[in-house]
Amino acid sequence: MIKVNDLEFSYTKNPYMKDLSFEVNDGEIFGFLGPSGAGKSTLQKILTGVLSNYKGSVVVNNTEVKQAKANFYENIGVDFEFPSLYEKLTALENLKFFASLYSRTQDISKLIESVGLQFDANKKVMDYSKGMKSRLNFIKALLHNPQIIFLDEPTSGLDPTNAKIIKDIILQEKAKGKTIILTTHNMYDATELCDRVAFIVDGKIRIIDTPRNLIMSRKKAIIEYSYFDNDKELTSKIALNETGSDNTLRKAISNNQITSIHSSEPSLNDIFIEVTGRTLE
Ligand SMILES: Nc1ncnc2c1ncn2[C@@H]1O[C@H](COP(=O)(O)OP(=O)(O)OP(=O)(O)O)[C@@H](O)[C@H]1O
Ligand SMILES: [Mg+2]
């Protein structure tokens, strides 16, 4: 669906992105995960044809992006980092206008309802809250039922309920066979949603793998447990794959002395630090 080969790009005379190569498969949710300023939005702008003065090859939906014509966007939906909406128009008027740019569109009222904006559809966007704008911008990307969806921080600034609604829609789109590119610095979103993630720092991709492989194949998961021994509560920890050889744990279990057990896998942020030396937070 997406094939990037030896991509090179810079905003200035100094090289920024260099030798970037990766592929995104049909039907997968692929994440760009990295801290602020890593180059996530830049990469998304290159993939969607906003920045076309790149070197190397960027093929999206069988089209070299810098040569893309207007019909390229019939199959591509983009939710930019900053909402791009007409403030003086209502939400409904905005969606109707953007819908008129495409040859086919989805049922607009259903889309509005899917993100809980049905009672605010006739409100001007200038009177929308940040989260409302963000939800409207998100459905704008889905208007024409595109095959490839680019989402730049789609849950940023949303409360947990609305973030969940957006994440559920993303998963529904995947279930319909769509390919989704998701930009985020939120490790929880990346772990929950992405089939594969690319760690990106300073314009470079440092590793690409599934969240599970990244988490399980690197740092060890740990068990922390507390137990009573001679009326004193003690705590101890052991690697999850070494519990069988922990005699204290075995004894505490067989004597019913355990008071709590927690297992803690490393988070994607722990792995990010290990791989890149930088933190996501
Ligand atoms: N139009 C521009 N001109 C010059 N430099 C830019 C421009 N846009 C972005 N940059 C620089 O490119 C780098 C990457 O920016 P980008 O917006 O891609 O980061 P990001 O990973 O999306 O960060 P965030 O998580 O904060 O959105 C930054 O150093 C930024 O200052
Ligand atoms: Mg960004």
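Quick one: GLU93, GLU233, GLU153, fewest Cβ neighbours within 10 Å first, how do they rank?
Ordered by Cβ neighbours within 10 Å, fewest first: GLU233, GLU93, GLU153.
What is the order of MET17, MET216, MET1, fewest Cβ neighbours within 10 Å to most?
With the sparsest Cβ surroundings first, the list reads MET216, MET1, MET17.
Given Cα pairs under 8 Å that are at least 6 residues apart, what percent is the relative contact order of the chain?
So the answer I get is 21 percent.
Based on alpha-carbon atoms only, what is the radius of gyration of the chain relative to the globular estimate 2.2 N^0.38 Å?
For the chain, the normalised Cα radius of gyration comes out at 1.22.
As a footprinting exposure proxy, order LEU20, LEU43 by other Cβ within 10 Å, with the fewest listed first.
Ordered from fewest to most neighbouring Cβ atoms within 10 Å, LEU20, LEU43 come out as LEU20, LEU43.
Of ILE148, ILE205, ILE238, which is the most mobile in a GNM of the chain whose springs link Cα atoms less than 10 angstrom apart?
Maximum among the listed residues: ILE238.
May I ask you to derive the relative contact order of region 222-265, considering only C-alpha pairs under 8 Å and at least 6 residues apart, and to give it as an integer percent?
53 percent.
Between ASP189, ASP202, ASP246, which gets the highest mean-square fluctuation from a Gaussian network model of the chain, Cα cutoff 10 Å?
Fluctuation is largest for ASP246.
Keeping to pairs on different chains or 8 or more places apart, tell me how many lysine pairs in region 1-107 have Cα atoms under 23 Å apart.
Pairs that pass both the separation and distance tests number 23.
Since every read-out is calculated from the coordinates, none of them should be taken as a lab result. What you are looking at is a predicted structure, and each value in this text was computed from that prediction instead of being measured. Methodologically, a virtual Cβ is constructed for each residue, glycine included, from the backbone with ideal geometry; neighbour enumeration extends over all protein chains shown.
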